[in-house]
């Protein structure tokens, strides 16, 4: 945790005025929503491109391969990750 985060947490834990804490929480929510909107704008502006020759070649090789694929469920059971 950063020193700044530690200092903010320490100050807020010592604060007695509930109005101040409410204002801090409101501002935090505002910042959170603002960052989320910026993040969504970034993803919305990404344009998907066409695959290049190497990507097409790799995809074709994968489709031609005759490797036995193990279903994820079987792998989870074999590794005893299903909790049973």
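Some notes on this structure:
- Under the shape rule built on the C-alpha gyration tensor, where the axes satisfy a ≥ b ≥ c, region 1-43 is oblate, since a/c reaches at least 1.5 while a/b does not exceed b/c.
- The simple spin-label model puts a point 7 Å past each Cα toward its Cβ; for residue 48 and residue 4 those points are separated by 3.7 nm.
- Extension gain (nm, one decimal) between residue 65 and residue 32, 0.36 nm per residue minus Cα-Cα: 7.3 nm
- Annotation for residue 75 and residue 14: the two label points, set 7 Å from Cα along the Cα-Cβ direction, are 5.1 nm apart.
- Label corresponding to Kirkwood radius over Cα pairs in Å when calculated from the structure given, among [x] 14.0; [y] 19.3; [z] 13.0: [y]
- Acute angle (nearest 10 degrees) that the helix 3-14 long axis makes with the longest principal axis of the chain, alpha-carbon atoms: 50
- Computed from Cα atoms, the angle from the helix 18-44 axis to the main principal axis of the chain rounds to 30 degrees.
- Mean ellipticity per residue at 222 nm, deg cm²/dmol - from DSSP H runs of n ≥ 4 across the chain, formula -39500 (n - 2.57): -22500 deg cm²/dmol
- Angle between the chain longest axis and helix 53-64 axis [Cα atoms, degrees, rounded to 10]: 60
Read-outs: derived from the displayed coordinates by stated rules, not from any lab. Quick caveat: nothing in here was measured; it's all calculated off a predicted structure. Cβ coordinates were reconstructed from backbone atoms using ideal geometry, including for glycine residues, and neighbour counts include every protein chain displayed.
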